[in-house]
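The values are calculated or read from the model by the stated rules, or taken from the named source; none is laboratory data. The shown structure was predicted, so the numbers you read here are calculated from the model rather than taken from an experiment. Here the Cβ positions follow ideal geometry from the backbone for every residue, glycine too, while neighbour counts run over all protein chains shown.
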Ligand code: 5GP
């Protein structure tokens, strides 16, 4: 499958058409951005690590019955996937309070939540990805029906129920993560984008060390080593 015209360039990926109108190619970039694009950098090899990590996690989720856009990894930086109409909602799943939950509501950093929290953010850089409730999402026309929002929450919880114990067995706490969904050509809602340390928080259970993009956001250094460690644990090399 060949890359054809560039359809879109995002902060972490480029999206290309292919000869098949139902399939697209994502190129995973080495670029890193945070704070709505205000902080920028690049880390050689980051894109390939995220492509490999996402590939393994999409395969795991598919094997457990979650429908995703994943078709196959083409090479280090390229993934072939289905074309979807993107739902402009970021579905955030949280097991432990940190980040914006701590900032916005004052819940102490590191607090284990009494139950898994699922939130919606409006995928809109110009507005700074604000929080959405169900009525906002319907008024904005981000989905047509309430049952679509219910489905996003249900599938997000199913994904957490698969990934949380999976990572715990590899010595990593899955603190929180962001999911995106789209509608395929038949109108089915499926998981899209990527699942990587760029959009998940992983804390090492033994040391408490951060193994994700917070190393960049918080200027901690060692981002690539951490991402490699996450991949190695997924592959069972450690
Ligand atoms: P927070 O709302 O605390 O900043 O982020 C919660 C979780 O969702 C974190 O795992 C974070 O990586 C992910 N997340 C939220 N918004 C974005 C975003 O716009 N881009 C990326 N890559 N991840 C996000």
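If we scan the range 131-142, do we find a residue that is within 11 Å of the ligand (Cβ to nearest atom) and outside the structural domain of residue 53 (by TED's automatic domain parsing)? Yes, that holds for at least one residue. Residues that are within 26 Å of residue 130 (Cα to Cα) and free of Cβ contacts under 8 Å to residues at least 12 places away in the same chain are absent from the range 48-71.
Identify all residues within the range 98-113 that are over 15 Å from residue 164 (Cα atoms) and outside any helix (DSSP H, G or I); write none if there are none. Matches in the range 98-113: 98, 106, 107, 108, 109, 110, 111. If we scan the range 149-171, do we find a residue that is without any contact (Cβ under 8 Å) to a residue 12 or more places away in the chain, away from the ligand (no atom under 14 Å from the Cβ) and not in a helix (DSSP H, G or I)? The answer is yes; a qualifying residue exists. Inspection of the range 115-124 finds a residue satisfying the criterion of being in a loop (DSSP other than H, G, I, E, B), touching a residue at least 40 places away in the same chain (Cβ under 8 Å), touching a strand residue (DSSP E or B) at 6+ places or on another chain (Cβ under 8 Å) and within 16 Å of the ligand (Cβ to nearest atom). Taking the criterion of being more than 13 Å from residue 175 (Cα to Cα), away from the ligand (no atom under 14 Å from the Cβ), loosely packed, with under 12 Cβ neighbours inside 10 Å and without any contact (Cβ under 8 Å) to a residue 12 or more places away in the chain, the residues of the range 204-235 that qualify are 207, 219, 221, 225.
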